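Report on the structure given below.
The values are calculated or read from the model by the stated rules, or taken from the named source; none is laboratory data. These numbers come from a predicted model, not from an experiment. Counting neighbours? That spans all protein chains shown, and the Cβs are built from the backbone with ideal geometry, glycine included. Remember, those area values only see protein heavy atoms, side chains included, never the ligands or the DNA or RNA. Shrake-Rupley method; radii C 1.70, N 1.55, O 1.52, S 1.80 Å.
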Amino acid sequence: MMAFFWYHELLLWLVAVGLAAADLKLDCGPDYVTLVWSDSRSQADASLFRLGSCFPTTFTPQEVVFNVELDNCNFRRLVSGNELNYTNDLFYMSSSDSYVLPFTLPVVCSYQRPKDWYPILYDPVSSTYGVEDLVFYIELMNADFSGPAETATFPLGSMIPIMASVVAVAHQPLLLLLEECVAATTSDLEIAVETYTIITNKGCLVDSKISRSKFEQRQKASELRLLLQAFRFGLGQEVYIHCTMVAWDPNGLGSTKKACHYVKDHGWELLDNPVYSSICDCCDSSCKTRRARSPGPGNGLFQKAVIGPLTIPDLA
């Protein structure tokens, strides 16, 4: 953690009826966060509060305290301009016999971006909430995927190496897939005016139909390597790539769980077993969603992530 550049900023909005009297205090330290929620008149069950994936450090009927490190609790790290933002959510789970409805409050700690730090991704990346020992990663890589990229600038037409992976310490091996990826000029996809679709339709790399983008052969099931050709969308601006990663049963590939790219003069090809490329036939139409199985070993888990900002200059 880089303790020398920090300052803090609190962004908490009360979005649930009946919480107007609640007192919320946030202390953003160099590598920790202390959050205190208190309300002397609250009927909420204090044990049902969560900060990301973390349970309260201490609580009483009227006060909930979280004292946690920034590399825990599913904090997400993202650069925006000269700011380094750590974001999370304080949420109340409620219960069937509670008068207090479930609610969620965004939590943001903002720090000054260090001059010698270049953005790659959310870092530390988030572990999947509710499942122990499962951590997702996604990052920009150097040309041969041997290490992290040394720059976040990729000239138009050049290749952007991206690697996504999942570490499943206490689970049977899982297959890492990218279900959706879109580019936007904002780190918040909900406010994006325009986006550029890269992967859609449950794992179809549609950008490969119009470019040299492709999936690289896997080195292991838990990793997925993508070579993305730098596009014109957001040319010269800050660009963020928003992805949904999926950890799935290696034996459960189908039309809604796959990694397909388009090969010129051949058509859609399934990365993990080209013999079964018919799975990819729906990439030009609609890959229907089947009923999802319950999360757990041998099934599937999802994680959203953002890479960026990166820039694509036109050097021509």
Among the listed pairs Lys25/Lys304; Lys220/Lys258; Lys220/Lys304, those beyond 24 Å (Cα-Cα): Lys25/Lys304
Each label sits 7 Å from Cα toward the beta-carbon; between Val167 and Lys264 the label points are separated, in nm, by 3.9 nm
Summing Lys, Arg as +1 and Asp, Glu as -1, what charge do residues with Cβ under 15 Å from the Cβ of Ser158 carry, Ser158 excluded? -1
With the label point 7 Å along the Cα-to-beta-carbon line of Leu235 and a cut-off under 12 Å to each amide N, the hits in region 147-167 are 156-157
Residue span Leu156 to Glu63: 0.36 nm per residue of separation minus Cα-Cα distance leaves a gain in nm of 28.2 nm
Could you tell me what fraction of 2.2 N^0.38 Å the Cα radius of gyration of region 185-244 comes to, as a two-decimal ratio? 1.23
Estimated distance in nm for a label pair at Asp188 and Phe55, the labels positioned 7 Å out from Cα along Cα-to-Cβ: 3.3 nm
Could you look at region 159-218 and say what percent of its accessible area is carbon and sulfur, using a 1.4 Å probe and all protein chains? 51 percent
Treat each spin label as a single point 7 Å out from the Cα along the C-beta direction, and report the Asn273 to Thr195 distance in nm. 3.1 nm
Whole-Hz ³J(HN,Hα) from phi, Karplus 6.51 cos²θ - 1.76 cosθ + 1.60, for region 206-220, glycine and proline x: 5, 5, 5, 6, 10, 8, 8, 4, 6, 8, 7, 4, 5, 8, 7
Using per-residue counts of other Cβ atoms within 10 Å, averaged over each peptide, order 198-210, 24-36 from highest down. 198-210, 24-36
Solution diffusion estimate, µm²/s, Stokes-Einstein, region 22-112, Kirkwood Rh from C-alpha pairs, 37 °C, viscosity 0.692 mPa s: 240 µm²/s
